[in-house]
Amino acid sequence: MELLEIISLNWPAAICLILGFVFVTIELFTPGFGVPGIAGLTLLLIGVIVAADSVLEGILLTIIIVLVLCLLFTIAVRSASKGALARSPLILSTATAKQDGFTSGEDLNYFLGHEGVVTTMLRPVGTADFEGVKLDVLAEGEFIEVGVRIKVVRVEGRKIVVRAI
């Protein structure tokens, strides 16, 4: 017996299966909340139930559907990496590097060399005032008392290192 003779599809089952594959394909190629995917899987399940006259037919039809879904998934992954999806605006193709002007936070290098006054004792971390701007700072080496003048000697990301003047 041939596979087509074992599984005899009627129109409602064929429509459910075709629509199921269409909805699953839509879900694979578009970002969303899963509505097309859930609808597609539901239609595929209904198609199997309507088409299968026996458990063997249901198992064979399910195996065929899983193989087709694997093929669709492979095509979607390939398209996302090398095909039309890779050229679409859905996938970021450029990096946001520092040399291109991108930063993950504010640039505190502006304070390098500025002088300020300690507002809380630095043991070694505390707060200092730089012309009205209060910043968390790190003392280089020793503790620094409140009211002592300091100077920014290094900026490492969000860490501002100071030294007493």
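So how many residues does region 115-128 have that are over 39 Å from the mean Cα position of the chain (by Cα) and either over 8 Å from ILE150 (Cβ atoms) or surrounded by 15 or more Cβ atoms within 10 Å (Cβ to Cβ) (or both)?
We begin by selecting, within region 115-128, every residue over 39 Å from the mean Cα position of the chain (by Cα); these are 115-123.
Subset that is either over 8 Å from ILE150 (Cβ atoms) or surrounded by 15 or more Cβ atoms within 10 Å (Cβ to Cβ) (or both): 116, 118-123.
Residues in region 115-128 being over 39 Å from the mean Cα position of the chain (by Cα) and either over 8 Å from ILE150 (Cβ atoms) or surrounded by 15 or more Cβ atoms within 10 Å (Cβ to Cβ) (or both): 7 in total.
For region 117-129, which positions are part of a loop (DSSP other than H, G, I, E, B) and over 13 Å from ILE160 (Cα atoms)?
Taking region 117-129 as the starting set, the residues that turn out to be part of a loop (DSSP other than H, G, I, E, B) are 119-121, 123-124.
Those that are part of a loop (DSSP other than H, G, I, E, B) and over 13 Å from ILE160 (Cα atoms): THR119, THR120, MET121, ARG123.
Residues to consider are VAL24, VAL48; find the one that is within 27 Å of the chain's Cα centre (by Cα) and at pLDDT 90 or above.
On the way: VAL48 fails: within 27 Å of the chain's Cα centre (by Cα).
So the residue among VAL24, VAL48 that is within 27 Å of the chain's Cα centre (by Cα) and at pLDDT 90 or above is VAL24.
This table checks each residue for (1) out of contact with any strand residue (DSSP E or B) (no Cβ under 9 Å at 6 or more places or on another chain); (2) at pLDDT 75 or above; (3) aromatic (Phe, Trp, Tyr).
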site: GLU57; (1), (2), (3): yes, yes, no
site: VAL68; (1), (2), (3): yes, yes, no
site: LYS82; (1), (2), (3): yes, yes, no
site: LEU85; (1), (2), (3): yes, no, no
site: GLY105; (1), (2), (3): yes, no, no
site: TYR110; (1), (2), (3): no, yes, yes
site: THR120; (1), (2), (3): no, yes, no
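Only residues in region 31-43 that are farther than 21 Å from TRP11 by Cβ count as the first member; pair them with residues that are among the acidic types (Asp, Glu), Cβ under 6 angstrom, at least 6 apart or cross-chain, and list the lot.
Hits for this filter: PRO36/GLU27; GLY37/GLU27.
Give ILE65, ILE59, ILE46 a once-over and let me know the one that is over 21 Å from ILE15 (Cβ atoms) and in a helix (DSSP H, G or I). Full working, then the answer.
Working: ILE65 fails: over 21 Å from ILE15 (Cβ atoms); ILE46 fails: over 21 Å from ILE15 (Cβ atoms).
Testing whether each residue is over 21 Å from ILE15 (Cβ atoms) and in a helix (DSSP H, G or I) leaves just ILE59.
Which ones in region 26-41 are in a loop (DSSP other than H, G, I, E, B) and out of contact with any Asp or Glu (no Cβ under 8 Å at 6 or more places or on another chain)?
Here is the first cut: in region 26-41, the ones in a loop (DSSP other than H, G, I, E, B) are 30-34.
Within region 26-41, THR30, PRO31, GLY32, PHE33 meet the criteria.
What number of residues in region 130-165 are among the hydrophobic types (A, V, I, L, M, F, W, C), in contact with a strand residue (DSSP E or B) (Cβ under 7 Å, 6 or more places away or on another chain) and part of a strand (DSSP E or B)?
13
The values are calculated or read from the model by the stated rules, or taken from the named source; none is laboratory data. These figures come from a predicted structure and were not determined experimentally. In this analysis, Cβ positions are derived from the backbone assuming ideal geometry, glycine residues included, and neighbour counts consider all displayed protein chains.
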